[in-house]
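The values are calculated or read from the model by the stated rules, or taken from the named source; none is laboratory data. Keep in mind it's a predicted model, so treat the numbers as computed, not measured. Here Cβ is always computed from backbone atoms with ideal geometry, including for glycine, and neighbour counts include all displayed protein chains. Protein only, heavy atoms only, side chains kept; ligands, DNA and RNA dropped before computing areas. Shrake-Rupley method; radii C 1.70, N 1.55, O 1.52, S 1.80 Å.
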Amino acid sequence: SNETIIANNQFGAGLLIYKGAGDVVINGTRFEKNADSGVNITYSGGYQLINTTQFVANKGYGIITEYLKLNRTRIESQNKVEFVKTQFL
């Protein structure tokens, strides 16, 4: 199985996806004690799947998708975020 730990990041999110990606799939990951959010996705549109992942004691949100704040040049007609067997602790 895929198992990754992203922890104790002292600057921003544990995982930052900034201004561009197709689809995002996060599988079997634990985001723990990061300085801001566990995950920050800042782009418009696409498919985001978070599967068998844990968000534990991050200082900000577990996950935040804020593309409308950073990318006002276009708004996609579809943005799908799906959580499967994911825990926010």
Filter region 61-84 for residues that are in a loop (DSSP other than H, G, I, E, B) and modelled with pLDDT of 85 or more; the one that is surrounded by the most Cβ atoms within 10 Å (Cβ to Cβ) is G62
Subset of region 44-59 (residues that are of a type outside the set (K, R), surrounded by fewer than 21 Cβ atoms within 10 Å (Cβ to Cβ) and modelled with pLDDT of 85 or more): L49, N51, T52, Q54, V56, A57
Residues that are of a type in the set (G, A, S) and part of a strand (DSSP E or B), drawn from region 5-53: A7, G46
Selected residue (criterion: most open to solvent (accessible area, probe 1.4 Å)) from residues of region 2-16 that are over 8 Å from T29 (Cα atoms) and polar (S, T, N, Q): Q10
